[in-house]
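The block underneath contains the structure these notes are about, expressed in structure tokens.
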Amino acid sequence: KENGYRFYVGDDYLESEDPVEYYSFDQNGDGVIEWDYSPVEVTSFTNLMHRHPWVGSVAQVYYKTKDEKYAKSLVEVYLDWLKNHPCPGAETGNYVMGMSHPSYRIWSNLASSIRSTAYITLLSYIKHSVHFTPEFLSEYLVSMYDCAESIRHNYYFKEASNIRLTEVQAVLYLAVLLPEFLKSQEWLDETVASTNRLLEVMMEDDGCLVEKDMHYHISVLSTFYGIQAQLAVTGHESELPGDYFSKLSNSTHLVRDIMYPDYSMEGLNETRPENLSKNDLIKNFKKYVKMLPDDQTLLWASTQGKE
């Protein structure tokens with residue numbers, strides 16, 4: 001609040017570059033967050049804002065410093081956002097929305113998926129704060145439940161897409177990290193089945209993502225890896241088939257084969273080579289080694305030829 005609610009929305013959205021300063025959502029200086037504020041005439045700003053990309057960083061700063069102002073701000077900001085953007089249909093239990101619904105992009109699709117994943121991570125960082133009160137916990141849990149239900153009742157229309165996979169991953173995370181919900185097992189069963197289904201329909205026989213975009217291709221591989229990792233650490237690894245990772249071997253090899261020796265990429269379709277640095281690719285190859293530990297070519301790529 002004392003800094004004018006300057007939210008990080010994205011790397012491209014800066015009020016000032018020197019010093020780096022993000023746009024203030026307190027335009028009147030009265031401490032009121034103007035959630036409809038958009039300093040640029042592009043819808044991506046609003047879409048990204050509803051993902052709350054600042055949450056993880058602020059939560060980690062609180063965890064490191066134990067300065068209560070960060071936890072206090074996280075709680076206050078989220079409650080204010082919930083007050084201004086209530087989940088449609090939550091009171092009646094009817095979460096179905098059409099794509100033309102004004103809250104469709106807020107409570108379903110990517111925004112709700114990424115936001116809920118950020119806030120489920122938040123729990124681990126600030127649960128010992130004095131500001132994480134029983135009252136906030138109640139609001140928080142209700143909102144997480146609403147996220148899961150609104151996502152699964154409004155899945156993205158195109159099944160074989162990175163958006164659908166991100167939605168499935170979000171509901172799966174909520175299912176295993178909040179098993180106390182009466183519907184958690186239902187969410188888990190549904191998302192595991194969807195994961196197996198998406199594994200079949202998203203990758204071509206040669207391993208290429210159906211969207212023919214290496215940026216999304218690498219992101220989708222990371223999501224499939226993340227789903228398995230989350231199930232493993234929560235004791236649900238047996239939910240996935242034994243050949244889960246082997247089905248992705250051609251997809252990991254495609255990343256290896258399509259990059260240049262200096263770990264650069266072509267800008268195929270919507271691939272954004274500038275967002276795929278050498279370090280990013282090496283980090284992903286290290287994931288592929290965990291997925292396929294016997295594959296020496298992936299080990300070679302992950303160590304720049306040292307192993």
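Being over 16 Å from G207 (Cβ atoms), surrounded by 13 or more Cβ atoms within 10 Å (Cβ to Cβ), in contact (Cβ under 8 Å) with a residue 24 or more places away in the chain and of a type outside the set (F, W, Y) narrows it down to one of L276, L248, so name that one. Before you say what the answer is, go through the steps one by one.
Values: L248 fails: over 16 Å from G207 (Cβ atoms).
On inspection, the qualifying residue turns out to be L276.
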Given (1) in a helix (DSSP H, G or I); (2) under 18 Å from V168 (Cα atoms); (3) not hydrophobic (A, V, I, L, M, F, W, C), where does Y244 come up short, assuming only one miss? (1)
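Condition check ((1) free of Cβ contacts under 8 Å to residues at least 40 places away in the same chain; (2) closer than 19 Å to V289 by Cα; (3) loosely packed, with under 15 Cβ neighbours inside 10 Å) across all residues:
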site	(1), (2), (3)
L178	no, no, no
L188	no, no, no
E204	yes, no, yes
A232	yes, yes, yes
Residue check, D36 against (1) at pLDDT below 95; (2) open to solvent by less than 30 Å² (accessible area, probe 1.4 Å); (3) part of a loop (DSSP other than H, G, I, E, B), all met but one. Which one? (2)
So, in the range 121-151, exactly how many residues are open to solvent by 10 Å² or more (accessible area, probe 1.4 Å), in a helix (DSSP H, G or I) and not hydroxyl-bearing (S, T, Y)? 8
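Suppose the filter is in contact (Cβ under 8 Å) with a residue 40 or more places away in the chain, within 23 Å of T166 (Cβ to Cβ) and surrounded by fewer than 20 Cβ atoms within 10 Å (Cβ to Cβ); does Y288 pass it? I'd like the intermediate steps shown before the answer.
Details: in contact (Cβ under 8 Å) with a residue 40 or more places away in the chain: yes; within 23 Å of T166 (Cβ to Cβ): yes; surrounded by fewer than 20 Cβ atoms within 10 Å (Cβ to Cβ): no.
Criteria not met by Y288.
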Exactly one of (1) at positive phi; (2) at pLDDT 95 or above is unmet by D295. Its number? (1)
Just name the residue that is most open to solvent (accessible area, probe 1.4 Å) out of those in the range 206-230 that are among the aliphatic types (A, V, I, L, M) and more than 14 Å from S161 (Cβ to Cβ). A229
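The values are calculated or read from the model by the stated rules, or taken from the named source; none is laboratory data. This is a predicted model, so every value here is computed, not measured. When we count neighbours, we look across all protein chains shown, and the Cβ atoms used for this are built from the backbone with ideal geometry, even at glycine. The area values use the complete protein model at the heavy-atom level, side chains included, leaving out ligands, DNA and RNA. Shrake-Rupley method; radii C 1.70, N 1.55, O 1.52, S 1.80 Å.
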